[in-house]
């Protein structure tokens, strides 16, 4: 089955800096890669997703890149704000969605 | 914006008892999912459901678990003979029409505590 590795497990940045979270996956058949933000005690919320026929996608301060050959994908957050602080999960899916272990992002004001 | 709703928000049950967790997916969605998240850990896929049958299930989803869509709106997860290690947050999700990997929308979860 699919195995998703996520790094780093914790990330602390200053407000205004960029944050990058990286994930690798094992199943070359996976074709859908969403990123979720989860605040403490809340539901995971989809923030951006990318499909296997696309290499990069951007939505305001958030971008995701996908390298299918290397089987890795990354989340980039620019101009970070304190409200970006949360746990971020990557996932890879080919009919069943498998999550990474999460990255706890802290943005210091 | 339409939401996935889950009830109850918190369920406390004695070990060995059966529990039923309830979900109302977004009304025009066709694919339904259950996930588990043990406190402080990652979200784990349990099962997906489409056209009144299980599409995929993980190694976690053994004979202790079952899912059902008893009517046109509810989607339930039953856990039999609960164990202490079943204590977790259980999330329901649904996604739309067409291919299965449309964005999945999560409910607020049910916190299950086994005593």
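Details
- Selection within the stretch B:16-56 - out of contact with any strand residue (DSSP E or B) (no Cβ under 9 Å at 6 or more places or on another chain) and within 10 Å of chain A (Cβ to nearest Cβ): B:40
- Matching residues in the stretch A:26-49 - criterion: being closer than 16 Å to residue A:76 by Cα, at the interface with chain B (Cβ under 8 Å from one of its Cβ atoms) and surrounded by 20 or more Cβ atoms within 10 Å (Cβ to Cβ): A:34, A:36, A:49
- Considering each residue of the stretch B:82-98 in turn, at least one proves to be without any contact (Cβ under 8 Å) to a residue 40 or more places away in the chain and part of a loop (DSSP other than H, G, I, E, B).
- The single condition among (1) within 14 Å of chain B (Cβ to nearest Cβ); (2) within 23 Å of residue B:102 (Cα to Cα); (3) exposed (fewer than 14 other Cβ atoms within 10 Å of the Cβ) that residue A:60 does not meet is (1).
- Residue A:10 more than 11 Å from the chain's Cα centre (by Cα), within 14 Å of chain B (Cβ to nearest Cβ), exposed (fewer than 14 other Cβ atoms within 10 Å of the Cβ) and farther than 18 Å from residue B:94 by Cα: yes
- Members of the stretch A:63-73 found to be in contact (Cβ under 8 Å) with a residue 24 or more places away in the chain and within 27 Å of residue A:16 (Cβ to Cβ), listed by number: A:64, A:66, A:72, A:73
- Test result for residue A:91, surrounded by 13 or more Cβ atoms within 10 Å (Cβ to Cβ) and under 11 Å from the mean Cα position of the chain (by Cα): yes
Readers should treat all values here as calculations from the given coordinates under stated rules, not as data from a laboratory. These numbers come from a predicted model, not from an experiment. So basically every Cβ, Gly included, is an ideal-geometry build from the backbone, and we count neighbours across all protein chains shown.
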